[in-house]
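Take a look at the structure set out below.
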Amino acid sequence: MERESTDSLLVLSDALFNSARREIIALAAQHRLPAMFEAREFVEDGRLMAYGPNLAEMTRRSASLIAKIIKGANPGELPIEQPTTFELIINVQTGSALGITFPTTVPTRADKVIE
């Protein structure tokens, strides 16, 4: 059976993937794969781009829910919340190393651009 080649990588947030972040980054770089992640830490560590919920904002929201529980709120009566703030982070330097040029609109829409 002939194996198909892979031309890109998409990694979703998961405890296993996050704990293996360095290995995933090294393998993507070794195979020159443009990679998109859900967690910004991957991009800050040198990969191409990330789009996902702002974890700092989610942590702040969690803290407010914990405060309500400590003050006596019934956890079962608190609403389930979905992320409302998402961020796009791109690494132009990694893109250049992979031969990728972002359209001019992408960096202007990004929440953070790593040069």
Legend entry - GNM flexibility winner over the chain from 72, 46, 99 (Cα, springs under 10 Å): 72
Legend entry - DSSP loop trypsin sites (Lys or Arg not before Pro) with at most 12 other Cβ within 10 Å: longest gap in the chain: 72-115
Legend entry - Solvent-accessible area, 1.4 Å probe, carbon plus sulfur percent, for the chain: 56 percent
Inset, instruction - Send over the per residue convex hull volume for the range 6-53, Cα only, as a whole number of Å³. - result: 65 Å³
Inset, instruction - Report, in degrees rounded to the nearest 10, the 0 to 90 angle that the Cα long axis of helix 55-70 makes with the longest principal axis of the chain. - result: 20 degrees
Legend entry - Accessible solvent surface per residue of the chain, calculated while the other protein chains remain in place, 1.4 angstrom probe, Å²: 71 Å²
Inset, instruction - Sort largest first and round to whole Å: the equivalent ellipsoid semi-axes of the range 15-105, each the square root of five times a Cα gyration tensor eigenvalue. - result: 35, 15, 8
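Going through the range 44-89, which GluC sites (Glu not before Pro) have at most 11 other Cβ atoms within 10 Å and a DSSP loop state?
Within the range 44-89, the qualifying GluC sites (Glu not before Pro) (loop, at most 11 other Cβ atoms within 10 Å) are 81.
If Lys and Arg each add +1 and Asp and Glu each add -1, what is the summed charge of the other residues whose beta carbon sits under 12 Å from the beta carbon of residue 94?
-1
The values are calculated or read from the model by the stated rules, or taken from the named source; none is laboratory data. This one's a predicted model, so the numbers in the text were calculated from it and none came from an experiment. Every residue, glycine as well, gets a Cβ built from its backbone with ideal geometry; the counts of neighbours run over all protein chains shown. Side chains included, ligands, DNA and RNA excluded: accessible areas come from the protein's heavy atoms. Shrake-Rupley method; radii C 1.70, N 1.55, O 1.52, S 1.80 Å.
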